[in-house]
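Let me begin by presenting the structure, written as structure tokens, before commenting on it.
The values are calculated or read from the model by the stated rules, or taken from the named source; none is laboratory data. Since the structure is predicted, the reported quantities are computational estimates derived from the model, not experimental observations. Here the Cβ positions follow ideal geometry from the backbone for every residue, glycine too, while neighbour counts run over all protein chains shown.
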Amino acid sequence: MRTIFLVIIAMTLNVFNAFADEVNLENCINHIDIINKSAESRLEFERLEKLTEEFIKSNKITEDKEYIIPVVFHVFGTDFAGKEVNLDIIKSALNHTNNDFNGLNKDYETSDPNFDEVKSKLKIKFELAKIDPDGNPTNGVTFHDPVAGLANDNSNINAIVSNVSWDNFSYMNVFITLDLFGDGVENQSGFAYYPNNSMSNSGLARVVYNGRYLLGNTNDKFASVLTHEFGHWLNLFHTFTGGCTYPNDYVDDTPPVDKAYMGCPAINCENNPINAENFMDYNSQCYSMFTSGQIDRMKAALEFDSRKTLWQEDNLIKVGLDVNNSVDLYENDVVVFPNPVTNGEFNINNYNNNLIIDEISLYDMLGNNIASYKSVNLLKTIDVSKLESGVYVVRMNSNYGIITKKLLIQKK
Ligand SMILES: [Zn+2]
């Protein structure tokens, strides 16, 4: 089946401290062109806009709702214009983007006061998954040989992407590469696909990002281009989308902007200040805020079929990110038996496939560590025939935290 994918957005900026680089915007596809690409893509766009409008009008938006989005990074290559991409870089980049969304970025409080009334934040945490689709522990990062053009929509690239992707309804997939479009240009920073059910069904929903522009490999401000791409992934258009013609960027409280400006202060087509610091403009060097209209639009997108499953409790448990219910919920899934121990050995059985126990330690009541064992998740038998009678504590380190059980040893 050939599917026609909706809106594609490219962000192709040069780096602030490398003005010699060409500012390459040819690949920044106008979303209106893409929407008009086919009847199918137009229908999908209209369907999602209708859902967005209905959701915003429905008063279902709550201030305090917090979202956790499981993320996997697929890193293609080892050399990103002389920069490396490793787990630490990815963690710091993700943390930086989380700060941006939550208004914890350092320029949030000091942004242009003209926009104080509409400035807003989204309580969302993009977090590396801890369990992979096969149920195995993971650090949320996979590594692959270099591939150019991962942002493209063609059969070769789609085959690679869908093969590597983890279930799009359980994980947000971020692809790290150097040459986004396979055209030899290595300074295109990022690219994202809007929410789209058929893409998620095909394993093609994604953000594609240049490894050289992750925090640690670029400056603090330019690293927020990742935030910009995540904004697209949550259905935000550029603030200059649609120019000065209603409905512009489909957000009411962002001023109309006739084009992408490359300097921070600017006046719009109506002679009013533009929200130059908005993450969805191209002014990466003054990025500091989203507006409340954009936050509402993202919250609506989080209700779309292609996004809603990600932050549901059952999914967070599946991918190892359940924080609300923590370990208490799983204590009863682990059984230590027989208890009391009378024949010199006991067993640990873990009945929960999502609970990964990687270490078991035995302590006496004085807190002395008697023994430690690397765990298996199936039945584990432990020999305690040399221990004295008494009360002991079995301490199990799991992906949800520490589980402890009291154990009584009775010598015959
Ligand atoms: Zn963009």
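Restricting attention to the range 184-194, the residues being away from the ligand (no atom under 16 Å from the Cβ) and either closer than 17 Å to residue 160 by Cβ or of a type in the set (S, T, N, Q) (or both) number 0. Mind checking which residues of the range 230-283 are in contact with a helix residue (DSSP H, G or I) (Cβ under 9 Å, 6 or more places away or on another chain), outside any loop (DSSP other than H, G, I, E, B) and either surrounded by 23 or more Cβ atoms within 10 Å (Cβ to Cβ) or polar (S, T, N, Q) (or both)? Correct list: 230, 231, 233, 278.
Among the candidates 284, 306, 288, which residue alone is modelled with pLDDT of 90 or more, farther than 30 Å from residue 201 by Cβ and within 25 Å of the chain's Cα centre (by Cα)? Within the list 284, 306, 288, the selection yields 288.
For the range 89-100, the criterion of a residue being among the hydroxyl-bearing types (Ser, Thr, Tyr), surrounded by fewer than 17 Cβ atoms within 10 Å (Cβ to Cβ) and free of Cβ contacts under 8 Å to residues at least 12 places away in the same chain is satisfied by no position. Please pick out the residue among 226, 180 that is outside any helix (DSSP H, G or I) and within 14 Å of the ligand (Cβ to nearest atom). Matching residue, one of 226, 180: 180.
Pairs linking a residue in the range 218-231 that is under 11 Å from residue 94 (Cβ atoms) to a residue that is within 11 Å of the ligand (Cβ to nearest atom), with Cβ atoms under 6 Å and 6 or more positions apart or on different chains, are 227/279.
Whether a residue is crowded, with 17+ Cβ neighbours inside 10 Å, modelled with pLDDT of 95 or more and of a type in the set (Lys, Arg) was assessed, and residue 125 does not pass this test.
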